[in-house]
Every structure is written in C-alpha cells, then in structure tokens.
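Visitor: This is the structure I have questions about; it appears just below.
The values are calculated or read from the model by the stated rules, or taken from the named source; none is laboratory data. Keep in mind that this is a model prediction, so the values were computed, not measured. Positions of Cβ are backbone-derived with ideal geometry, glycine not excepted, and every protein chain shown enters the neighbour counts.
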Amino acid sequence: MAEPFLDSAQTPTLLLPLLLLPLLYCIISKYFINKPNTPPLPPGPTPCPIFHLLNPITHVSLAELSQTYGPLMRLKLGTETLVVASSPAAAMEILKTNDRTFSARTVPHAVPLTVAEIERISFWGDALSDHWKNVRAICRAELFSAKSLEAQRRLWEEKAAAMVGSLRAEEGAAVDLGRVVFATVVNVFGNVLFSEDVVGVEEERRWSEVKGLLRGIIAAISAPNLGDFYPLFLGKFDPHGLRKKHRETSVRMWGLWERVVRERRRQRSAAEAELRNRDFLDVLISRGFTDHQINKLFEV
C-alpha cells in the first residue's frame, strides 16, 4: 500500500506554512521577479504553486495526464517546474540528442551538502564540473573498461559459485534466499571497490545492518519533501528531518569501509604497497581523493 505524503503527526505543524507558501510565492513572482524572455513551456495542467493531486502510483497519473497534454508536458510542483517526457521519441530527444544540456542532476533537499561541497566531492549537481569530469574519467578507465569488466565478470562467477555451494550445503533446510542473494551482490561491489567482502552470508546481524543502511539512504532521498518543492523558502530548513536522517545514515554507512581506507593509506605511506594500484580504492588514493570524497563516491 502506498504511504501517505504527510504523516498524520506532521500535519498540524506543516499545514500553516503549506497554506501560506503559495500566497507568498504568488506575490514575489508577480511583483519582484523579472522574468526573462524564454521559449514557451510544453502544455500541462493549469500552473498553481501547490501540489497537483497525483495518484500515489505516480507513473499511472503521469500516463493519464499524457493522454490529455501529449508526450511532452509541464507540471508545477510547488514553485518548481517539472517537464515530463512520456514517449520514446521525447525520451530520445532528452537523453540522447540533448544529453549534454540535461545531464545535470537535481540535488534533493535531503542531501546535506553546500553548493561548494557538491561541486567538489559528489556526483550531484553540474555534470560539467571539473570534479565530475575527473570522476567520470576514472570510472570509465577503472570500472567500465573492457579489462575491468572482464575481471568483474570473473568475480561475479566466483561469487555466484560460492552462493550456489552455500545453498547446496543447506539442502533440506529452510534458507532465506533474499539474504543470500543480497549478501552476494553487496560483496561483489565490495570486492570491486576495495577487495573485501562487506557481509558474510551467515552474519544475520551484519546483513540486517547493511540492508537497513541502504534502505535508510534511499528512503531519505526519495521521500516526498517540502524542501524540494519550495527551495526558495525552505532551503535552509529541514521540515521532515530527512536531511538529518540522511546525514546520520551516511556516517554509519561510511563505517563499513573506513577501516579499509585507513589501513590502505597507512600501507601506502609506509611504501608497503609499492604504490601499485590493486583496486579502485588504490586508484582513488593515488589520485589524491580525500576520505570524504571516497565516502560520497562509494555511497553512490
């Protein structure tokens, strides 16, 4: 069942600002903002600086609206304008023909980073920034090259064989297949990034911790947030506590690999590793990435 946009306990405290923000936006937009001459936006429902009543199953609502307004339509969500492409041709125009123009990623209000930090340490924001270009080049060379993909294929085969062996050993007993598959996938990524397993198949407590952290990060970023719809008014506030939740969950997740990063730096400073790049973490350290940059990259 789809969760309601606002928790009933939050409704009284958020109702007043939710009612006042549209009025304030209309006044500022009408009398204080100079609107440049821009091409007309696609057709869409009558703009209103308050949330459209969308079905909890959002893609169903968008599909229904596209029947009225066409494959490229405009929605107004709070003070933000959203353009929706709902046909293969429109998607091709955005994702391929004009991919450079639309390559920047909107930064969710829940991400606890300043603009300067976003440009310096994360994948969020301008896709043409120097940091993003540097990270993209490193990932292309170290993760997505033919040689790297072949090594990853062998790793997947080894982990899959180990998973099958583990399941065979439990023949006749009840097995939590979801936990086994999850541990296998997470450990493949752990080995690709820093050559270590993250969780053992039999470590139920550790498995629950890692799964909870991943869910917490996704929930904080994807949950409906008034700050995303009214950034001009709520940019410095955290009305749902999602920014705090994201920060706390991120710090706990970084703990999964902080020991590895610390030990790898110690080895390199002592020249024990012969400065030889053994995995993706070694490459990042050799390129001068800080711990915080590594944490944000691995978190993605």
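Visitor: Among the residues in the stretch 251-265, are any aliphatic (A, V, I, L, M), modelled with pLDDT under 90 and not in a helix (DSSP H, G or I)?
Guide: no
Visitor: Another question, if that's okay. Limited to the stretch 73-101, what total is found for residues that are among the hydrophobic types (A, V, I, L, M, F, W, C) and either within 30 Å of LEU24 (Cβ to Cβ) or touching a Phe, Trp or Tyr at 6+ places or on another chain (Cβ under 6 Å) (or both)?
Guide: Count: 7.
Visitor: In the stretch 192-214, which residues are of a type outside the set (D, E, K, R), within 16 Å of ALA162 (Cβ to Cβ) and touching a residue at least 40 places away in the same chain (Cβ under 8 Å)?
Guide: Matches in the stretch 192-214: VAL192, SER195, VAL198.
Visitor: Here is a follow-up. Check whether at least one residue in the stretch 108-126 is on the phi < 0 side of the Ramachandran plot, at pLDDT below 85, surrounded by fewer than 12 Cβ atoms within 10 Å (Cβ to Cβ) and among the β-branched types (Val, Ile, Thr), and report yes or no.
Guide: yes
Visitor: Sticking with this one: Give the residue, chosen from SER195, SER286, that is on the phi > 0 side of the Ramachandran plot, over 21 Å from the mean Cα position of the chain (by Cα), of a type outside the set (A, V, I, L, M) and modelled with pLDDT of 85 or more.
Guide: SER195
Visitor: Same structure again: Within the stretch 198-209, take every residue that is part of a loop (DSSP other than H, G, I, E, B) and surrounded by 16 or more Cβ atoms within 10 Å (Cβ to Cβ) and give me the one that is nearest to the chain's Cα centre (by Cα).
Guide: VAL198
Visitor: Let me ask you something else. Among the listed residues PRO39, PRO49, PRO56, PRO45, which satisfies the condition of being modelled with pLDDT of 80 or more and part of a loop (DSSP other than H, G, I, E, B)?
Guide: PRO45
Visitor: Which of the following residues is more than 30 Å from THR79 (Cβ to Cβ) and touching an Asp or Glu at 6+ places or on another chain (Cβ under 9 Å): LEU193, LEU297, LEU281, LEU213?
Guide: Exactly one of LEU193, LEU297, LEU281, LEU213 is more than 30 Å from THR79 (Cβ to Cβ) and touching an Asp or Glu at 6+ places or on another chain (Cβ under 9 Å), namely LEU193.
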